[in-house]
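Heads up, the thing below is written out as structure tokens.
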Amino acid sequence: MILDQPSGAPSDMLNTCVFTDPHFLAAARTFQDHIYSDWMSDVHLEKVNKFQAGIRDGTLAAAWKDDVWNKNNKLSLPHSAEKNASSSNIADYSVRAG
């Protein structure tokens, strides 16, 4: 039995449908991104190792989403409204509701 020869009729033509396959296109774009971003360069490997070490030892954590939202969306009130809002919870809710 000969195993080195492909089964079926040999083809001299390249099947160009492979170049429009979504999986091939995604892989090609990923490869291009890796080349563009200098993936697996010494600098990038150092960043990856630092990231993985942070995951292993528990020092790497994302900020809580509510804290980030509050930081990016600070409530700006006029000076008189700040006095009224701090005096009671009801006033605080009404000012926030706008």
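The values are calculated or read from the model by the stated rules, or taken from the named source; none is laboratory data. Computed from a predicted structure; not experimentally measured. Glycine also receives a Cβ, built like all others from the backbone with ideal geometry; neighbour counts cover every protein chain displayed.
Counting only helices (runs of 4 or more DSSP H) that sit wholly inside segment 39-98, those with at least 1 residues that are at pLDDT below 70 are 79-87, 89-97.
Quick check on D33: is it modelled with pLDDT of 85 or more, of a type in the set (D, E, K, R) and surrounded by 10 or more Cβ atoms within 10 Å (Cβ to Cβ)?
Values: modelled with pLDDT of 85 or more: yes; of a type in the set (D, E, K, R): yes; surrounded by 10 or more Cβ atoms within 10 Å (Cβ to Cβ): yes.
Yes, satisfied.
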